[in-house]
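The values are calculated or read from the model by the stated rules, or taken from the named source; none is laboratory data. On a predicted model such as this, the values are computed, not experimentally measured, just so you know. A quick note on method: Cβ atoms are made from the backbone with ideal geometry, for glycine too, and the neighbour counts reach across all protein chains shown. These accessible areas exclude ligands, DNA and RNA; they are computed on the full protein's heavy atoms, side chains included. Shrake-Rupley method; radii C 1.70, N 1.55, O 1.52, S 1.80 Å.
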Amino acid sequence: MRNDYESIRDLFAKNVVPSYGRFDLALSHGSGSYIFDVAGRRYLDLGSGIAVCCLGHAHPAITEALVEQSKKLIHVSNLYYTEPQGRLAAEIVKRTGAGKCFFANSGAEANEGLFKLARKFGHDEGRFEILTATNSFHGRTMAGIAATGQDKVKKGFEPMTPGFRHIPFNDLDAARNAISPATVAIMIEGVQGEGGVTPAMPEYLLGLRQLCDEKKMLLLMDEVQCGYFRTGKFQSFQRILENSALRIPNSEFLPDGISMAKSLGGGFPMGAFWARAPYANLLGPGTHATTFGGTPLACAVALKIFEVVECEHLAENARKLGDWLKNELERLAKTYPGVVKNARGLGFMLGFELAEKIPAFAYSDKLAAVQFTNRMQAAGVLVIPAGTQVIRLLPPLNLKPQEAREGIAMIEEVVKSLA
Ligand SMILES: Cc1ncc(COP(=O)(O)O)c(C=O)c1O
């Protein structure tokens, strides 16, 4: 008899577009920080579905919010008002700054909204160009791949949507020099995720803010992966700038637009963008829409997650346990320099870079990051590769100390076996 995994894989091979390079795992259910495959094998999930399942798997509060709201209203369209959408927007505004929210269904769609906001802002002056960073990732829609600063996502889909140019990340002079009369905005991630877990420097953020003010451009931040308390603060720039001696006199740093998704719905698909107050009414009636944006169901779930994160002090947990994890990864880099080159990141958005030419990886042409991830899976832990050499840890915000210790012990086992 064929096993469950093989029959599921066959279904995919016959019926699902093969656009993903999937690992040889078929998952069936989860509980907290653990997930189980169809053969019943348990894994510690340090990836949370790429920074999505912020309360882990099968959290009872999410189940309850889904059940209760689905008994009342799932969807009505944006032809009407619903209380959960209004309340959720207020929660986001309260934690970010004066402005307004638009609700969408994914990170790419949230970014599309920000691109339209920027185009609308510059339209009457003929400005439309958006600068984004090399190694950035902004989604897989046509504008998303044009915005993304990585050739691999563009290949085969040319010609690219016009109006995007890339600048080196964390290089303020390069940003200044790249501005043309058509430039209307700069978009960056607070911590580059897919590009390999690289945080923006405080002086870069503050410098971009000044530059955008000077040139009347919008500063847009993609917080899809690095936002939602992952760094220990709601938005990653709030963490990056918290201890910065550099400050803008008499004002608090705020971008003009922020995209969010992933953890906002804890696994229920949703995205959003926030636009700072002066620009919050730029997209007037009839200019932007999406059928499923901000349904009562999605918003009820998101409201419940905010409540749990707050009551259980999960931002603090991400910060404290994240610091501990990062110290441990740095220890591994010191102890096994032939395997781990360095550790980086903030809170629960962590990465470690694998050394080049790890001898055991020479026998396969798979990327080092994929081979390491495979070995972690064999050891019972899910981690996420980024690029060719980086392994990401994006655990649920409610990861427990003993789970963090278990994860590090398993990582050390695998690292040791490669040393
Ligand atoms: C920084 C960033 N922006 C945008 C996206 C796209 O989000 P989605 O896959 O929900 O469209 C991602 C997804 O990984 C991301 O990491």
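So which chymotrypsin sites (Phe, Trp or Tyr not before Pro) in region 254-297 pass both tests, a DSSP loop state and at most 13 other Cβ atoms within 10 Å of the Cβ? Mind showing how you got there, number by number?
Values: sites: Phe273, Trp274, Tyr279, Phe292; in loops: Phe292.
Listed in order of number, the matching sites amount to none.
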Open item on the list: Taking just the alpha carbons, could you work out the radius of gyration and Dmax for region 1-132, both in angstroms?
Closed with: 20.7, 67
- [ ] Per DSSP H run of n ≥ 4, the term is -39500 (n - 2.57); total these for the chain, divide by its residue number, and report the mean residue ellipticity at 222 nm rounded to 500 deg cm²/dmol.
- [x] -12000 deg cm²/dmol
Task: Among beta bridges that DSSP assigns inside the chain, antiparallel share in %, nearest 5 - done: 65 percent
Open item on the list: Using only the Cα atoms of region 176-277, what are the Rg and Dmax in Å?
Closed with: 13.8, 41
- [ ] Can you bin region 282-419 into rounded, prolate or oblate? Criterion: square roots of the alpha carbon gyration tensor eigenvalues sorted a ≥ b ≥ c, rounded for a/c under 1.5, prolate for a/b above b/c, oblate for the rest.
- [x] prolate
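Hey, how much of the P(r) for the chain falls beyond 28 Å, as a percent of Cα pairs?
On the way: 43246 of 87571 pairs.
Everything past 28 Å amounts to 49 percent.
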Open item on the list: How many angstrom lie between the Cα centre of region 161-218 and the Cα centre of region 19-71?
Closed with: 35 Å
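Checking understanding here: applying a Kyte-Doolittle mean of at least -1.0 and a length along the axis of at least 27 Å (C-alpha), which whole DSSP H helices in the chain pass? Don't jump to the answer; show the numbers that get you there.
Details: long enough: 314-335 (30 Å, -0.88).
In the chain, the long hydrophobic H runs are 314-335.
From the square roots a ≥ b ≥ c of the eigenvalues of the alpha-carbon gyration tensor of region 83-198, which class results: rounded (a/c under 1.5), prolate (a/b over b/c), or oblate? Don't skip to the answer; put the middle values down first.
Values: a/c = 1.58, a/b = 1.41, b/c = 1.12.
Verdict is prolate for region 83-198.
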Open item on the list: Which entries of Lys14/Lys366; Lys116/Lys366; Lys152/Lys262; Lys341/Lys366; Lys14/Lys154 have Cα-Cα distances beyond 28 Å here?
Closed with: Lys116/Lys366
Task: Leu11 accessible area, assembled protein chains, probe 1.4 Å, Å² - done: 110 Å²
Open item on the list: With +1 assigned to the C-beta of every Lys and Arg and -1 to the C-beta of every Asp and Glu, and no other charges, what is the dipole magnitude of region 74-232 about the Cα centre in debye, to the nearest 20?
Closed with: 220 debye
Task: Sequence of Ile50, Ile179, Ile74 from largest to smallest accessible area, 1.4 Å probe - done: Ile74, Ile50, Ile179
Open item on the list: Could you compute how much accessible surface Asp365 exposes when probed at 1.4 Å, giving the result in Å² to the nearest 10?
Closed with: 150 Å²
